[in-house]
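Comments concern the structure below.
The values are calculated or read from the model by the stated rules, or taken from the named source; none is laboratory data. Keep in mind the model is a prediction, meaning the values are calculated, not measured. Note: ideal-geometry Cβ built from the backbone for every residue, glycine included; neighbour counts use all protein chains shown.
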Amino acid sequence: MKVVKAFLVALCRTILASAFWLSIRLSTSLTVHGIEHDPCLPRTYLGMTHKRDIDPFILIPSIIFRHGWKEFTGGVRFALRGDGFTRGFLARVTSHVPWVAWALRPLSVGPALRWLGAYPTDGLIRPAEEWVREALALKGHVQADTLLTSTFLQTLAQAAHLPVETVGQQPLARLLAWKYHTALYKFTGPEILLATERREIERQVIARIRPQLEEITAYLWQGGSILGSPEGQLSPEGHLSPLHAGFWRMLRVSPPDLRILPIATIYDFMTTRRPRIFVDFAPVIEHAPRLTHEELQTRLRRAWLLRTHFTCTQLASGFLMERRYSPLREFTFDELTHAVHQHARSLADAGRHVDPQLLRLAGAARRVRGYLAYVERRGLVRRGTSGKWTITFDELVMEVALREVAYDDVPLLYAYHELQDLLSVE
């Protein structure tokens, strides 16, 4: 039976990895750099920066095909956020396409993910839908206003265009209906629950967190490897986030010879042309549990930033953010192209990784043309006369809710934050 299971797991992983590889290659231009730094050794934590929900699916094909048969049968396993194993996850990550989200909402990929070697990592910041499910499992079909705060009931009422009294008087299970989905997908802590009921439900979630970490560390002690995100969340504002508490708890009980392989991902997303994605593997950090928190965080952050590629999105956004202080706030296409090209050349000369297209003037012009079309559609610049472009934005404000990201709402500022992070190391 073990041989049969190993064969089936290998077959499914091969199919999924091939599907991920094909879908990414068809929709984007993907460059993987430095994969030779992956030692393919046991007890390795592959620590990725986290920019998009699709990050793991971009990495899985490269890792699986590099590690060979050992990987196809489950050598590297994946630590994914806890709500990825529950019903509604597929709908949440496709919520920007409502009809797709509606169709996928009843499905749960949790059992399949577990069978393929993925581990859930729960936390107290989770979609509101998950808190409602936790309350329902513990309290049953009680009236909604006996468990949920008036503030959250008001949020649900606004989403469904119903009086708050009507929502509050419904059985808890009815709040999982599609009409409330825009409110249910928001990440939140247990504060949406009434204080008198919160602690018991919160304890139910906390009771699952320790066994999940123990399962991951047990696999590391057995000689396995894990792909995960030390940040524990998507980058909300473009800056790298501090390493999260769950990562430190895992590290504290991990094998002393655990090595960390830093993996950085960045997107050239501000374009009307084909988006470009760069994945960079950095040299491993050996004996990570023996390092102090400060030393490991510094080394990991430095490895990520030094290896990350600069793209047109970041360099052109830096130009616009600085040019907005100019009295005329104008520039030409050639001026922006030369600025991006020259900055890219100087970074490459200093040993930094840069999108190779930007190192040729013609390539830089193509990327800048797609960038300008993108920011013009967003109303950030306006095409004028005599080949002039005018900056139309003033001070940009970024307000990001829990576990949300701003790359789509405030892309220019998000990209500028990425640039500032990249330039902060030498």
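Please state which of the following conditions residue 384 fails to meet, knowing it meets all the rest: (1) surrounded by 12 or more Cβ atoms within 10 Å (Cβ to Cβ); (2) in contact with a strand residue (DSSP E or B) (Cβ under 7 Å, 6 or more places away or on another chain).
All conditions are met except number (1).
Under 30 Å from residue 224 (Cα atoms) and either buried (at least 19 other Cβ atoms within 10 Å of the Cβ) or assigned by TED's automatic domain parsing to the domain that holds residue 391 (or both) - does that describe any residue in segment 329-348?
For segment 329-348, residues under 30 Å from residue 224 (Cα atoms) and either buried (at least 19 other Cβ atoms within 10 Å of the Cβ) or assigned by TED's automatic domain parsing to the domain that holds residue 391 (or both): absent.
Can you name the helices (runs of 4 or more DSSP H) wholly within segment 170-286 that have at least 3 residues being in contact (Cβ under 8 Å) with a residue 24 or more places away in the chain and either over 29 Å from residue 377 (Cβ atoms) or in the same structural domain as residue 356 (by TED's automatic domain parsing) (or both)?
Fully inside segment 170-286 and qualifying: 195-221, 245-252.
Go through the residues of segment 72-86 one by one and say whether even a single one is in a helix (DSSP H, G or I), over 25 Å from the mean Cα position of the chain (by Cα), buried (at least 18 other Cβ atoms within 10 Å of the Cβ) and touching a residue at least 40 places away in the same chain (Cβ under 8 Å).
Checked against the condition, which is being in a helix (DSSP H, G or I), over 25 Å from the mean Cα position of the chain (by Cα), buried (at least 18 other Cβ atoms within 10 Å of the Cβ) and touching a residue at least 40 places away in the same chain (Cβ under 8 Å), segment 72-86 yields no hits at all.
Would segment 149-161 turn up any residue that is surrounded by fewer than 14 Cβ atoms within 10 Å (Cβ to Cβ), more than 30 Å from residue 76 (Cα to Cα) and of a type in the set (Val, Ile, Thr)?
yes
From the list 127, 120, 98, which one is out of contact with any helix residue (DSSP H, G or I) (no Cβ under 6 Å at 6 or more places or on another chain) and not aliphatic (A, V, I, L, M)?
98
Condition first: within 8 Å of the chain's Cα centre (by Cα) and outside any loop (DSSP other than H, G, I, E, B). Now tell me which residues in segment 49-63 satisfy that.
55
Condition first: touching a Phe, Trp or Tyr at 6+ places or on another chain (Cβ under 9 Å) and either under 21 Å from residue 250 (Cβ atoms) or in a helix (DSSP H, G or I) (or both). Now tell me which residues in segment 106-121 satisfy that.
Of everything in segment 106-121, those that are touching a Phe, Trp or Tyr at 6+ places or on another chain (Cβ under 9 Å) and either under 21 Å from residue 250 (Cβ atoms) or in a helix (DSSP H, G or I) (or both) turn out to be 110, 111, 113, 114, 116, 117, 118, 119, 120.
Given (1) touching a Leu at 6+ places or on another chain (Cβ under 7 Å); (2) farther than 30 Å from residue 37 by Cβ, identify the lone condition not met by residue 56.
Condition (2) is where residue 56 drops out.
Starting from segment 402-426, take each residue that is surrounded by fewer than 18 Cβ atoms within 10 Å (Cβ to Cβ) and list its partners that are among the charged types (D, E, K, R) and in a loop (DSSP other than H, G, I, E, B), counting only C-beta distances under 8 angstrom and pairs at least six apart or across chains.
402/186; 404/186
Say whether the condition of being over 25 Å from residue 85 (Cα atoms) and in a strand (DSSP E or B) is met by at least one residue in segment 125-139.
The answer is no, given that none of the residues of segment 125-139 is over 25 Å from residue 85 (Cα atoms) and in a strand (DSSP E or B).
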